[in-house]
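Trainee: Please read through the structure below; I'll follow up with questions.
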Amino acid sequence: MNEGQNTLTLSIDGDPCRVPVGISVAAALSLCGDARCRLSISHQPRAPFCGMGVCQECRVTINGLRRLACQTLCQAGMRIERSDDE
């Protein structure tokens, strides 16, 4: 992806990722190669399902706070961490 005013950089599990301005965290996860948000109790990967916050499958930690990836817009410098303890 070309750098410019229409992209921003954030980190996903400590790795930098450039994404278009205006996309959700859920879309950024998918765009950066792994749509998984967390692991279930049985350690199965879970990803966004409903896209509107009802199912809560897209829970991630953003800048230290638990958020729904499908309902959160990306911001420059955002630190996204997938949860493996659910």
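Trainee: Subtracting the Cα-Cα distance from 0.36 nm times the residue separation, let me have the gained length for SER30 to LEU65 in nm, one decimal. If you can, show how the numbers build up before the last one.
Mentor: Working: separation 35, 0.36 × 35 = 12.60 nm, distance 2.04 nm.
Going from the current span to full extension adds 10.6 nm.
Trainee: Using alpha carbons only, what's the Rg to Rh ratio of segment 11-73 with Rh from Kirkwood?
Mentor: Radius of gyration over Kirkwood radius for segment 11-73 works out to 0.94.
Trainee: Once neighbouring chains are kept in place and the probe is 1.4 Å, which whole percent of the accessible area of the chain is contributed by carbon and sulfur? Walk me through the intermediate numbers first.
Mentor: Working: 2520 of 5150 Å².
Carbon plus sulfur share of accessible area: 49 percent.
Trainee: Work from the charge dipole of the chain (Cβ charges, +1 for Lys and Arg, -1 for Asp and Glu, about the Cα centre) and give the residue of GLN56, ALA26, ILE12 farthest towards its positive end.
Mentor: Ranked along the dipole, the leading option is GLN56.
The values are calculated or read from the model by the stated rules, or taken from the named source; none is laboratory data. What you see is a predicted model; the values in this text were computed from it and never measured. Note: ideal-geometry Cβ built from the backbone for every residue, glycine included; neighbour counts use all protein chains shown. Heads up: the accessible areas ignore ligands, DNA and RNA and are worked out on the full protein's heavy atoms, side chains in. Shrake-Rupley method; radii C 1.70, N 1.55, O 1.52, S 1.80 Å.
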